[in-house]
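Beneath this line is the structure, given in structure tokens, with notes to follow.
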Amino acid sequence: MDESYYQIALKKLGGIGPTRARALVSYCGGVRQIFEASKKDMASIPGLSSRLVNQLNRDDAMRHAEDEMRFIERSAIDLYFYLNQDYPSRLKHCEDAPVLLYGLGKMQLNAPRVVSIVGTRNCTGYGERMTERLVDGLKGYGAMVVSGLAYGVDTQAHRASVSRGIQTVGVLGHSLDRVYPTQNEALVAQMKQNGGVLSEFEFGTKPDRENFPQRNRIVAGMADVTVVVETMVKGGSMITARLAAGYSRDVAAFPGATDAPYSSGCNHLIKTNIAALIEGIDDLAYLMGWEKDKKPSFVQKQLFVELTDEERQIYSLLEERQRESMDNLSLNAGLPISKTASILLELEFKGVVRSLPGKVFEIA
């Protein structure tokens, strides 16, 4: 049976979330092996109790996977499994990221630069202008725009991207057998020509309220930076911004008038140092290190610095690439993002690397 069946079935195992699913794949040596292992072997996996193993109905999960596969094949849906090369590499670093994504369209999910643009459904004229200006400026940087296809700022970001030939991806809070809101059906059709839509939800999943915060972690995790255009202090965009910050990603926000309700969330993010204040693309490019850096003043390297094996590994990667993001260093070194951040900090202390805007590093 095709490996895709087992990948889908893994999602359908009750009581197995993304973190535990990854652990199962690691301990069993592959997805297929999870469904071939004995209950005794499964119960020996750390964090998996005998009670949970007995509750796992692997045969039932496989039957449901067959039903799902029929819908996938009929709808020409693409599958993005977390171990595959075309899975969003930035999202792969987030421990709660879905193990499997469903996609429709022509998407390159590992674009060199990815920007999530989020905001209120009640977008004002100011929000529309800021979104248009930002997307217009992003065209010169080859960035992909990610958002949630909701009313307001999300829709504005997708439309602006389509009109400028920028790849844009909408992350849905429901399955791919529908478009919500329905008014965006024509927009989605356009997006599929250069981008498309993604979802972690199986066939038949409705756009229920509880799905959208879950969707927001994908919007945050896929991007190098999340830009909040307009939002109130309470709302989905604030959740997305905090998730992005929790993933050690950059967050930026447009400021607004102190008495403007739909700028209150942005102002709060800036005031509490969760988001950097930006007024346009130049500020975002500077924050992310996308502009030409000023020639740094000469700093003499320490000679004969003692490095640990992991420090030497990161240093070697930087020597090869001259300049690299923390995410890519983590991915290529096979180390968790938190561990990579700690190593880079230690290398900075030792004077052998320097940090640049946008969590980019280079040899000092």
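Could you please let me know if residue 111 is without any contact (Cβ under 8 Å) to a residue 60 or more places away in the chain and not assigned by TED's automatic domain parsing to the domain that holds residue 22? If you could, list the steps in order and put the result at the bottom.
On the way: without any contact (Cβ under 8 Å) to a residue 60 or more places away in the chain: yes; not assigned by TED's automatic domain parsing to the domain that holds residue 22: yes.
Yes: the conditions hold for residue 111.
Looking at segment 309-361, which of its residues are more than 24 Å from the chain's Cα centre (by Cα) and either in a strand (DSSP E or B) or β-branched (Val, Ile, Thr) (or both)? So that I can check it myself, show each step before the final result.
Kept after step one, since they are more than 24 Å from the chain's Cα centre (by Cα), are these residues of segment 309-361: 309-313, 315-316, 319-320, 322, 346-354.
Passing the criteria: 352, 353, 354.
Can you tell me which residue in segment 5-24 is surrounded by the fewest Cβ atoms within 10 Å (Cβ to Cβ), limited to those that are β-branched (Val, Ile, Thr) and at pLDDT below 90? Write out each step before concluding.
Initially, segment 5-24 is screened for residues β-branched (Val, Ile, Thr), giving 8, 16, 19.
From the residues that got through so far, the ones that are at pLDDT below 90 too are 16, 19.
Working: 16: 20, 19: 13.
Across segment 5-24, the extreme among qualifying residues is 19.
Would you mind finding the one in 204, 221, 235 that is in the same structural domain as residue 113 (by TED's automatic domain parsing) and under 17 Å from the mean Cα position of the chain (by Cα)? Show your work before the answer.
On the way: 204 fails: under 17 Å from the mean Cα position of the chain (by Cα); 235 fails: under 17 Å from the mean Cα position of the chain (by Cα).
The match here is 221.
I need the full set of residues from segment 44-66 which are loosely packed, with under 14 Cβ neighbours inside 10 Å and modelled with pLDDT of 85 or more, in order please.
Kept after step one, since they are loosely packed, with under 14 Cβ neighbours inside 10 Å, are these residues of segment 44-66: 44, 46-47, 49-51, 54-55, 57, 59-60, 63, 66.
Correct list: 57, 59, 60, 63, 66.
Check residue 237 against each of (1) among the small types (Gly, Ala, Ser); (2) without any contact (Cβ under 8 Å) to a residue 40 or more places away in the chain; (3) crowded, with 24+ Cβ neighbours inside 10 Å and name the one condition it does not meet.
(2)
Being modelled with pLDDT of 90 or more, surrounded by fewer than 19 Cβ atoms within 10 Å (Cβ to Cβ) and either over 19 Å from residue 204 (Cβ atoms) or not polar (S, T, N, Q) (or both) narrows it down to one residue among 79, 91; which is it? Break it down stepwise before answering.
On the way: 91 fails: surrounded by fewer than 19 Cβ atoms within 10 Å (Cβ to Cβ).
Matching residue, one of 79, 91: 79.
Out of segment 333-353, which residues are surrounded by fewer than 16 Cβ atoms within 10 Å (Cβ to Cβ) and touching a strand residue (DSSP E or B) at 6+ places or on another chain (Cβ under 8 Å)?
Selection gives 348 alone.
Of all residues being assigned to a helix (DSSP H, G or I) and touching a residue at least 60 places away in the same chain (Cβ under 8 Å) in segment 240-262, which is farthest from the chain's Cα centre (by Cα)? Just the residue, please. Break it down stepwise before answering.
Residues of segment 240-262 that are assigned to a helix (DSSP H, G or I), as a first pass: 240-246, 261-262.
Among the residues that remain, those that are also touching a residue at least 60 places away in the same chain (Cβ under 8 Å) are: 240-241, 244, 262.
On the way: 240: 11, 241: 12, 244: 8, 262: 25 Å.
The extreme case among them is 262.
Looking only at segment 135-147, decide whether some residue is part of a loop (DSSP other than H, G, I, E, B), at pLDDT below 95 and either assigned by TED's automatic domain parsing to the domain that holds residue 168 or closer than 21 Å to residue 24 by Cα (or both). Don't jump to the end; show me each part of the working.
Filtering segment 135-147 for residues part of a loop (DSSP other than H, G, I, E, B) gives 142.
Next, only the ones that are at pLDDT below 95 stay: 142.
From what is left, the residues that are either assigned by TED's automatic domain parsing to the domain that holds residue 168 or closer than 21 Å to residue 24 by Cα (or both) are 142.
Yes, some residue in segment 135-147 is part of a loop (DSSP other than H, G, I, E, B), at pLDDT below 95 and either assigned by TED's automatic domain parsing to the domain that holds residue 168 or closer than 21 Å to residue 24 by Cα (or both).
The values are calculated or read from the model by the stated rules, or taken from the named source; none is laboratory data. Fair warning: this is a prediction, and the values are worked out from it, not measured in the lab. Reconstructed Cβ throughout: ideal geometry from the backbone, glycine too, with neighbour counts over all protein chains shown.
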